[in-house]
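Before any comments, here is the structure.
Just so it is clear, none of the values below were taken in a lab; they were calculated from the coordinates. All values derive from a computational prediction rather than experimental measurement. Every residue, glycine among them, receives a Cβ derived from its backbone with ideal geometry; neighbour counts consider all protein chains shown.
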Amino acid sequence: MDRRQFLGTMAGAAALGLGKISFAQSANELRLGFLAATSGPAAFLGASERLVFDLMVEQYNAAGGIGGRKVVPVTYDTEGNSTVAAQQLRRLIESDKVDVVVGPSTTGEALVLRTIAEESKIPLITMTGTESIVVPPTPYVFKTAPTDRHVSLHMLQFAKEKGWTNIGIITSADGFGQAGATYLKANAEKLGMKIALAEEFGPRDTDMTPQILRLRRAGIQALMIWSVNPGPTIILRNAEAAGFKTPIINSFGVASPALLEQAGRSAENTYVSTMRLLIPDLLPASDPLQPVVAKIAKEYRAKYNQPVTTFVGNAHDAVKLVELAVKKISGPLSRDGIANAIKSGVSFPGCNGMMAYSATNHGGQDDTLSPVVMVQIKNGKFVPA
Amino acid sequence: MDSFLQNLISGCLLGCIYAMAALGFTIVFNASRIVNFANGEFLMLGGVGLAGVVVTAGLPLWLGVILAIACTAFVGVLMQVAFLNNARSADELSLVMLTIGTGLAIRGAGALIFGRSVTFVPDFGLFPMLLMGDVYIVSQGIWIALTLVAVGIALWYLFSRTTFGKAMKAASQEPRAAALCGIEPRQAAAAAFAIAAGLGGLAGALLAPISAAFYENGVFLGLKGFAAAVAGGMGNPLGAVVGGLIIGVVEALSAGYVSSGYKDGVAFIILLLVLLFRPQGLLGGVSVKRV
Amino acid sequence: MTELLKFQGLVAGYGQITVLKNLNLTVNSGEIVALVGANGAGKSTLLNTISGILPVRSGNISFDKKDLKGMRASKIARLGLRHVPEGRRVFAELSVEDNLRLGAYGLGRSEFEAGLDPIYKMFPRLVERRNQLAGTMSGGEQQMLAICRALISKPRLLMLDEPSMGLAPLVVAEIFRLIKHMRNELGIGILLVEQNARAALRIADRACVMSLGKFELEGTGQQLLRNPAVAEAFLGGNRPPVAQAV
């Protein structure tokens, strides 16, 4: 094959390729991108999100697609690295020509991808719980997870109902813990409660006995912990050893069965503010979200034969949002069309709350129902508090 | 008063772990005149190794501890024999850089082999929790304190009573003269790495039930151990123990009475003050050269 | 007299520089061979090469019929070929007795203790200072200790590098008495590098004059003492160095 022939063949192949893409675009299908860390340190989030994404796409296609449109998934692993995530979002936009992207699941990646999504005008439904991603709202970016504001408010309201108004908090000295401390303090003030003592600890600290002793001296009625493990487990153990009897309320940072395993006896009788998916089988029938949570948990466990995580809800609600937005569109699909459909109002009961997306609410949750519930650990199990 | 005592105990126990990390720095420094910045990773490896063997593989705890120490010691020897011995440049600064690189590699390998999860290992048990009025020492704390005592005695015996220990000292002071006496300086250095790493593995294993085993733990444990070794006097084993205890206690007291947010800062302020006013360390040692 | 150390065509050096150029020598048991020469002639380099600190580039070298080429210094020392390096190099932060113990490294405790007695008899001062740190002793005492540290392992060949350097005349005399004693009473072969050429040649059975990495002259100690060129170059003459005179 000489040079000219070779180039000719290449051109032909390129033409064919283009033809194929334009054919695909014109056909009745939804090209759905998914970006999350399924490996690396953030894989504990991304792995189960990816599984539920695959599950739902399979279900749609088995039922003839969304509103008659076949769902074509394109998924990439970001490894939790925002540079990788940015490259892959560009790939989804430019090469894979997706209509909408679900992901990512960490705040760091979401902050980077938000800019790209706005520039490229592609709807991005992140699975993060960071309020600043969607407040103030920007035209193409949405989120599904409950925010620190929701959870802190829920913890404080729970305490207030119990009559505990003199509160101590202990938070990790990292981004997650600092945000938690800020929201707890601000919301306590709104609710007329008092934060008597705010303690911190390093995310890699090994002993929080001094902080526990200070909190014991402070005469508080309840202690709120805001951190991811191992800190909260160490605090629970130190508290048990020190005979710290004050009620303890943990944030959603530890809402997983791993807490029961790691903290064991020392977690007994403590509380955790969590997404409903931690206890899909124990929700009261009166809970408006019970049907959707129980359904996805059942399907997930049946397909993958492993316990469901609370993060499943983040991806479930994101895909559900895409489904309802796409169903509102009668003509050809476009990125702008999907973004506008969401902004024109999409409401549904999700795993993470009563979702009510609108032009002003890009975060999802409405204010009528808390996206999280309180559970207590009794006999080594999570039960509704 | 009770909470002061409790803070003191809490600090001492943490200090025991720092002391073991500091001893690792000291032993390697005495044998090869380099500061091994991978030392913290030995503690990490002991913890995640124990967690992997006991929690994941389900082997008995005592066997897990032995395996954790042995594997970590092996990694230490490997590091000395494979990297430091074969380094093209014997310049101290480049060897220290090499230890930093090896530390990163160990951390990566730890994450790869044992995973990135945070794992608590069961208590070693045997001792009940000690209660004196409102003051208590947790069972694992008794293990930690007794282990430091035993390690201290064993090291003292090794370095001042056995010929091999003296040969290690000699090989670090005068490597050529030691070789001319029939001592193999590389063997002595490898032994020092084995001891330092095994000790790190032991400390990491002791810590795993109290705080969790996690592949990123090596960094802060290494820094605290280094601070303790320098504060006590680099190269002085007793100084390493005293330095570790001081940093542990000061951290606990500053968390208990000043502000928990500043306790790490307080530890490093001590280090800075010591370096400013007593560069040879509290108990004396080799003063740290400016590099 | 048995042949102990033998090398032929020995070449060695540091990095790019070749210091030793094709040297041949034999040292037997019970004899003192002295190496004299100007600074930088390669005398210490030769000792370092024999004891395995520096690698042999080419040539043959054997001790007691065992090939030393490529052998590590620590292993050569254990064969009974001991090198007392320039500047004494005692283990300053260890006690006198520990220094001696490490001299007998690799030997059993009983062998060490058996070796200790005669040394303490010879040098009662070391007994007094057995628990003192070696670094705190005087230069002469440190030199004695360095020699004893080698001697305690019962070597068959001893290489001494500048044992009299920086020491008072009385101490120097004592060291030379010790060297003769080791040859006469213990039958040790001795390869002696000395700045003090006259003293060295006086006690030497044989001697070599070394210059720029080569042996310029060889002979008995007495022959070289009488050689005018040697006398001028090393024994207080004022003519140019021996290399030009020969």
List every residue whose amide H lies under 5 Å from the amide H of residue A:145, counting only residues 5 or more places away in sequence or on a different chain, with H placed 1.01 Å from N in the peptide plane.
A:128
Cα-based Rg then Dmax for the protein assembly as shown, in Å, read 37.9, 119
What do you get for trypsin sites (Lys or Arg not before Pro) in segment B:61-130 restricted to DSSP loop and a cutoff of at most 10 other Cβ within 10 Å of the site's Cβ?
B:88
Would you please give the residues with an amide H less than 5 Å from that of residue C:191, counting only those at least 5 places away or on a separate chain, with H modeled from the backbone geometry?
C:33, C:158, C:159, C:160
Value of [θ]222 nm, deg cm²/dmol, for chain C, DSSP H segments ≥ 4, -39500 (n - 2.57) each, nearest 500
-10500 deg cm²/dmol
Given the alpha-carbon gyration tensor of segment B:194-266, what are the semi-axes of its equivalent ellipsoid in whole angstrom, ordered largest first, with each equal to the square root of 5 times an eigenvalue?
21, 18, 10
Looking at chain C, send over the antiparallel percent of its DSSP beta bridges, to the nearest 5.
55 percent
For segment A:182-261, which trypsin sites (Lys or Arg not before Pro) pass both filters: DSSP loop (anything but H, G, I, E, B) and at most 15 other C-beta atoms within 10 Å?
A:245
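Quick one, could you list the DSSP H helices from chain C stretching 15 Å or more along their long axis (Cα atoms) with average Kyte-Doolittle hydropathy of -1.0 or above?
The answer, listed by residue number, is C:109-122, C:139-151, C:169-184.
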Enclosed volume per residue, in Å³, of the convex hull spanned by Cα atoms of segment A:91-202
100 Å³
For peptide B:117-124, how many partner chain Cβ atoms fall within 10 Å of a residue's Cβ, on average?
4
Please turn the phi angles of segment A:133-148 into ³J(HN,Hα) values with the Karplus equation 6.51 cos²θ - 1.76 cosθ + 1.60 (θ = phi - 60°), one per residue in order, whole Hz, x for glycine and proline.
5, 10, 10, x, x, 10, x, 10, 10, 9, 8, 10, 6, x, 9, 4
Using alpha-carbon coordinates, inclination of helix B:217-232 to the longest axis of chain B, degrees:
70 degrees
Return the average number of partner chain Cβ atoms within 10 angstrom of each residue Cβ along peptide A:194-207.
5
About the Cα centre, charge dipole magnitude for segment C:3-245 (Lys/Arg +1, Asp/Glu -1 at Cβ), debye
400 debye
Restricting to DSSP H runs of at least four residues, report the calculated mean residue ellipticity at 222 nm for chain A, -39500 (n - 2.57) per run over all residues, nearest 500 deg cm²/dmol.
-14000 deg cm²/dmol
Amide H contacts of residue A:354 (H built 1.01 Å from N, under 5 Å, at least 5 apart or other chain)
A:366, A:369
Once segment B:135-279 is represented by equal point scatterers at the alpha-carbon sites, with solvent omitted, what log10 I(q)/I(0) does the Debye formula produce at q = 0.13 Å⁻¹?
-0.72
In debye to the nearest 20, the charge dipole size for segment B:20-217, taken about the Cα centre with +1 at each Lys and Arg Cβ and -1 at each Asp and Glu Cβ, equals 440 debye
Need the list of lysines near residue C:154 for cross-linking: C-alpha distance under 17 angstrom, and skip anything on the same chain fewer than eight residues off.
C:75, C:121, C:180
Can you compute log10 of I(q)/I(0) for chain A with the Debye formula, treating each Cα as one identical point scatterer, at q = 0.07, 0.10, 0.13 Å⁻¹?
-0.35, -0.66, -1.04
Value of relative contact order over chain A, rounded to a whole percent, pairs C-alpha under 8 Å and six or more apart:
16 percent
Pairs of Cα atoms farther than 27 Å apart, segment B:20-217, %
33 percent
Choice from C:65, C:21, C:43 showing the highest fluctuation, given a GNM over chain C with Cα pairs closer than 10 Å:
C:65
Go ahead and set up a Gaussian network model of chain B, Cα springs under 10 Å, then flag whichever of B:275, B:61, B:112 fluctuates most.
B:112
Along the charge dipole of segment A:252-385, which of A:284, A:271, A:331 sits closest to the positive end, that is, farthest toward it, with unit charges on the beta carbon of Lys, Arg, Asp and Glu (+1, +1, -1, -1)?
A:331
How big is segment A:29-159 on each of its three principal axes, counting only the C-alpha atoms and giving the largest first in Å?
48, 32, 31
Starting with the fewest neighbours, write out A:205, A:317 ranked by other beta-carbon atoms found within 10 Å of each beta-carbon.
A:205, A:317
Percentage relative contact order, segment A:219-349, counting C-alpha pairs under 8 Å, at least six apart
18 percent
Rg/Rg_ref, segment A:184-246, where Rg_ref = 2.2 N^0.38 Å and atoms are Cα
1.13
Considering the options C:29, C:84, C:163, tell which one lies farthest towards the positive end of the dipole of chain C, charges being +1 on Lys and Arg and -1 on Asp and Glu at the Cβ, about the Cα centre.
C:29
I'd like the Karplus ³J(HN,Hα) series for segment B:193-204: coefficients 6.51, -1.76, 1.60, θ = phi - 60°, whole numbers in Hz, and an x wherever there's a Gly or Pro.
5, 4, 5, 4, 5, x, 5, x, x, 5, 4, x
Placing +1 at every Lys and Arg Cβ and -1 at every Asp and Glu Cβ, with all other atoms neutral, what dipole size does segment C:126-217 have around its Cα centre, in debye to the nearest 20?
240 debye
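How high is the relative contact order of chain B, in percent, with contacts defined as C-alpha pairs under 8 Å that are six or more residues apart?
36 percent
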What does the structure give for B:249-257 when I average, per residue, the other chain Cβ atoms found within 10 Å of the residue Cβ?
4
Based solely on C-alpha atoms, express the radius of gyration and the Dmax of segment A:240-385 in angstrom.
18.1, 66
Determine the alpha carbon to alpha carbon distance for each of C:43/C:65; A:97/A:320; A:162/A:303; A:295/A:328; A:190/B:224 and list only those over 31 Å.
A:162/A:303; A:190/B:224
Antiparallel DSSP beta bridges within the protein assembly as shown, percent to nearest 5
45 percent
Residue of A:39, A:330, A:82 that the Gaussian network model of chain A assigns the largest fluctuation, springs spanning Cα pairs under 10 Å
A:330
Give the whole-number value, in cubic angstrom per residue, of the convex hull volume spanned by the C-alpha atoms of segment C:3-245.
122 Å³
